[in-house]
1. Would you mind putting 96-102, 74-80, 49-55 in packing order, based on average other-beta-carbon counts within 10 Å, highest first?
2. Once you order the gyration tensor axes a ≥ b ≥ c over the Cα atoms, which shape class does the stretch 47-115 get: rounded for a/c under 1.5, otherwise prolate or oblate by comparing a/b with b/c?
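Where a number appears in this text, it was derived from the coordinates with a stated rule and is not lab data. Given the structure is predicted, the values throughout are model-derived calculations rather than measurements. All Cβ positions, even for glycine, are placed from backbone atoms using ideal geometry, and neighbour counts span all protein chains on display.
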Amino acid sequence: MLPGPAGVALDAGSTDAVSAGQQPRCRLGLSAGSFAEQERYVKDSFKIVVNSANAHGEVKQQWKDTGYDVGDALFDASGADPAQREEIDAWAKEHLKPSPETVAQAEEPRWGESR
């Protein structure tokens, strides 16, 4: 006789609920479902980390673009010397690294302006 689940004895030749090969796993509380669930949890956690990193990069670039665009608008309104304006614009492009779309948009005339 083999010890079965919940103290019920099973015959060695019995085909009841738990076979002899499954008994150690049952005693330890292990199942294929728990392994699959843990694997899914790890995969989902990894996806969250990757997506968070991507979102952080996008937000960082948006702040750079906004900083460049606001600075450009302020200089448009200030009437700064064109040579000084070019120097400051070059500095902003080098340090803020705005997207090409933002630079192109900044070059477009704003409401009521003609460049």
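1. Output ranking for 96-102, 74-80, 49-55: 96-102, 74-80, 49-55.
2. Prolate, because a/c is 1.5 or more and a/b exceeds b/c.
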